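J.: My questions all concern the structure below.
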Amino acid sequence: MNAFLATAWNGFREARRNRVTVVVGAFALVTLLLATLVTQVTVVTFRRVMVDTGLGLMSLILVFLSIFLSSGLLAREIERRTIFLVVTKPISRSMFLWARFAGNLLTLLVLQAVMTAIFVAEMSLFRFPLGPAVWAALGMLVVELFVVTTIGFFCSSFLGQTVSAVVTVGLYFAGHLSGDLYRFGQKAGGVASTVGRAIYFALPNLDRLNFRSLATYDVVPTLDVALKSAVSGLAYGVALLVVASLIFERRDFK
Amino acid sequence: MTSTEPLIRLESVSKDYRLGFWLNRRVHALRELTLDVRPGEVFGLLGPNGAGKSTTIKILMNLVRASSGKATLFGQPPSNRQMRRRLGFVPENPAPYEYLTGREFLSLAASLGEVPRHEIRARVDEVLAAVNMEKAGNLRIRRYSKGMIQRIAIGQALVHRPELLILDEPTSGLDPLGRKLVRDLILSERRRGTTILFSSHIISDVEAVCERVAVLVGGRLVRAGSVSELLTNQVPVAEVVVEGITAEVVQALPTPLHQVEALDGRLRVRVADDQVNQFIGAVIAKGGRVRQLQPERFSLEDMFLSALKEAGPRGTVGGEISE
């Protein structure tokens with residue numbers, strides 16, 4: 001357990017020392033500028049616009065940061081050979097992978113917590129407290145970051161840095177479109193229906209984890225929907241990490 | 001496992017890498033390698049670049065899997081996690097996390113090596129002193145020179161007090177001072193009873209610290225044994241410098257010669273030690289004069305070069321390639 005925590009903490013420390021925290025500053029600056037602008041152009045929809053852009057911006061920054069951090073991590077460790085000094089210690093490769101994943105997720109969670117605090121403070125400044133719909137969207141963003149990070153780790157377990165990043169970005173967008181592909185397949189019928197269904201089950205359904213549009217209109221999702229979405233996202237991510245572990249355990253580090 | 005059993009055993013170990021888009025070409029990086037490393041000895045793996053030394057070490061460290069054959073350390077397969085508590089490893093061109101300080105990196109290595117938490121600080125201090133890095137311990141590794149990186153990498157291999165050290169080219173790229181420091185560290189570990197497997201293509205380093213060596217060429221074992229045994233097995237040679245006689249006449253003499261080299265009006269001839277008297281007599285009889293006679297000390301380098309020569313085209317870099 002000590003080795004797991006040490007590796008996870010090291011991952012968090014790596015991100016901190018590589019100054020990924022500047023994204024928080026960027027987020028604070030953009031939302032502040034946006035609030036100033038929005039107050040000039042709207043009165044009635046101020047809350048809606050601020051929630052929409054605030055959550056959207058937070059999601060955009062964190063998702064791309066998670067892709068950037070996760071998709072090249074294992075490949076970079078192998079290419080730079082830093083991994084040689086770690087996996088030759090009495091820890092299994094799977095444990096290394098899960099610990100690095102935990103470190104990555106910790107980084108994203110800390111960043112999201114700080115961004116949320118800035119967002120809450122800003123909305124309080126304009127006397128708009130955040131309702132349960134926004135908290136539900138923020139909670140589901142954690143699950144989405146979990147899934148995107150697992151996709152990055154999965155690709156990184158057998159692909160090079162660049163290819164892994166490209167494939168992860170592709171899967172992220174495909175994940176947001178998988179529901180549409182399914183519906184398209186059902187309408188077309190025949191082989192397209194089977195293919196559409198296969199793609200739907202193979203890809204993560206990231207649209208299901210997007211509660212941001214509901215939050216914009218202050219619509220609170222039912223507990224049943226929220227739980228099902230979270231569980232399906234977490235299950236998909238864990239399954240992907242298990243497959244990544246199996247691949248990573250067997251590959252040669254030349 | 002008894003104390004006399006080998007700590008490392010390789011039995012007919014081979015490794016092929018697949019190349020090409022369709023993975024249809026194969027590089028035979030290692031072929032049927034069999035060797036033992038006994039407890040308490042310093043064993044050298046010698047060979048030119050691409051001979052299979054690093055592949056052998058990577059198989060032992062579970063970084064790559066053998067295509068065939070069996071490798072064991074402490075009687076266990078390389079994948080055994082508990083066994084790895086007993087060994088320390090320094091790869092070729094080590095790359096520690098450069099965003100950490102030397103001290104932080106050693107603490108991480110100690111945690112991974114299952115050193116009890118309350119002992120980590122003391123162990124790190126001890127190792128920093130051993131590798132002469134006390135002053136640079138709080139500097140980020142990205143500011144380290146190559147020699148300092150090598151020393152911190154050796155430090156991480158020692159921090160959990162291993163019984164077996166595996167070092168891949170630990171002196172490669174270091175200046176003479178850095179090489180001496182690494183050699184001294186190896187010797188001090190040997191005095192503590194640590195078994196060491198050490199790969200290098202720098203023959204003087206191997207000769208300075210190793211008791212037994214194996215020479216790999218083109219992925220095959222071409223020599224193995226104790227350093228003294230390998231050297232005494234060689235035929236002693238003498239170098240004779242003669243003048244007043246042509247190279248053609250010398251080469252026509254009945255004495256078998258190792259080498260004839262023209263040098264500034266004189267000839268330098270290498271001849272087997274037991275043939276020297278006969279050779280000198282023949283030269284004088286042909287009107288030549290002997291200017292110098294010097295017995296040659298046979299070094300590990302000579303043995304290495306003769307092994308390379310015997311291997312011929314098989315001694316190519318990177319092993320043999322087949323379709």
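J.: For residues that are touching a strand residue (DSSP E or B) at 6+ places or on another chain (Cβ under 6 Å) and surrounded by fewer than 18 Cβ atoms within 10 Å (Cβ to Cβ), scanning just region B:28-39, find the one that is farthest from B:Ile196 (Cα to Cα).
T.: B:Glu32
J.: Turning to a different aspect of this structure: How about region A:225-254: which of its residues are within 14 Å of chain B (Cβ to nearest Cβ) and surrounded by 17 or more Cβ atoms within 10 Å (Cβ to Cβ)?
T.: Matches in region A:225-254: A:Phe248, A:Phe253.
J.: If we keep just the residues of region B:99-141 that are more than 14 Å from B:Val159 (Cβ to Cβ) and surrounded by fewer than 17 Cβ atoms within 10 Å (Cβ to Cβ), which is nearest to the other protein chains (Cβ to nearest Cβ)?
T.: Within region B:99-141, the match that is nearest to the other protein chains (Cβ to nearest Cβ) is B:Arg140.
J.: Still on this structure, I have one more. For B:Arg190, state whether it is charged (D, E, K, R), crowded, with 18+ Cβ neighbours inside 10 Å and under 31 Å from the mean Cα position of the chain (by Cα).
T.: For B:Arg190, the condition - charged (D, E, K, R), crowded, with 18+ Cβ neighbours inside 10 Å and under 31 Å from the mean Cα position of the chain (by Cα) - is met.
J.: Does B:Ile149 fit the bill of being within 14 Å of another protein chain (Cβ to nearest Cβ), at pLDDT 90 or above and surrounded by fewer than 23 Cβ atoms within 10 Å (Cβ to Cβ)?
T.: So B:Ile149 passes the test.
J.: Please work out which one of (1) part of a helix (DSSP H, G or I); (2) over 21 Å from A:Leu60 (Cβ atoms); (3) modelled with pLDDT under 90 is the condition A:Gly179 fails and give its number.
T.: So A:Gly179 meets the others, but not (2).
J.: What tally of residues in region B:278-323 results from selecting those that are in a loop (DSSP other than H, G, I, E, B) and either β-branched (Val, Ile, Thr) or at pLDDT 75 or above (or both)?
T.: Residues meeting the conditions: 5.
J.: For region B:199-212, enumerate the residues that are under 15 Å from B:Val90 (Cβ atoms) and at pLDDT 90 or above.
T.: Correct list: B:Ser199 only.
J.: Among the residues that make up region A:68-89, is at least one of them at negative phi, touching a residue at least 60 places away in the same chain (Cβ under 8 Å), assigned to a loop (DSSP other than H, G, I, E, B) and among the β-branched types (Val, Ile, Thr)?
T.: So far as region A:68-89 goes, yes, one or more of its residues are at negative phi, touching a residue at least 60 places away in the same chain (Cβ under 8 Å), assigned to a loop (DSSP other than H, G, I, E, B) and among the β-branched types (Val, Ile, Thr).
J.: Sticking with this structure for a sec: Which of the following residues is within 14 Å of chain A (Cβ to nearest Cβ), under 23 Å from B:Lys53 (Cβ atoms) and either aromatic (Phe, Trp, Tyr) or under 25 Å from the mean Cα position of the chain (by Cα) (or both): B:Leu181, B:Leu158?
T.: Answer to the selection: B:Leu158.
J.: Inspect region A:37-50 for any residue being β-branched (Val, Ile, Thr) and modelled with pLDDT of 90 or more and give the result as yes or no.
T.: no
J.: Can you pull out the residues in region B:64-84 that are under 19 Å from B:Ile196 (Cβ atoms) and buried (at least 18 other Cβ atoms within 10 Å of the Cβ)?
T.: Of everything in region B:64-84, those that are under 19 Å from B:Ile196 (Cβ atoms) and buried (at least 18 other Cβ atoms within 10 Å of the Cβ) turn out to be B:Ala71, B:Thr72, B:Leu73, B:Phe74, B:Pro78, B:Met83, B:Arg84.
J.: Within region B:248-268, identify whether any single residue is surrounded by 19 or more Cβ atoms within 10 Å (Cβ to Cβ), in a strand (DSSP E or B) and out of contact with any Cys (no Cβ under 7 Å at 6 or more places or on another chain), and answer yes or no.
T.: Yes, because at least one residue in region B:248-268 is surrounded by 19 or more Cβ atoms within 10 Å (Cβ to Cβ), in a strand (DSSP E or B) and out of contact with any Cys (no Cβ under 7 Å at 6 or more places or on another chain).
J.: Residues of region B:62-82 being within 8 Å of chain A (Cβ to nearest Cβ) and of a type outside the set (S, T, N, Q), which ones?
T.: The answer is B:Leu63, B:Val64, B:Arg65, B:Arg81.
J.: Something else now. Do the conditions hold for A:Thr88, that is, is it out of contact with any helix residue (DSSP H, G or I) (no Cβ under 6 Å at 6 or more places or on another chain), within 14 Å of chain B (Cβ to nearest Cβ) and either farther than 25 Å from A:Lys228 by Cβ or modelled with pLDDT of 90 or more (or both)?
T.: Judged against the criteria, A:Thr88 is a match.
The values are calculated or read from the model by the stated rules, or taken from the named source; none is laboratory data. Nothing here was measured: the structure is a model prediction, and the numbers come from that model. Neighbour counts are summed over all protein chains in view; Cβ atoms, including those assigned to glycine, are modelled from backbone coordinates with ideal geometry.
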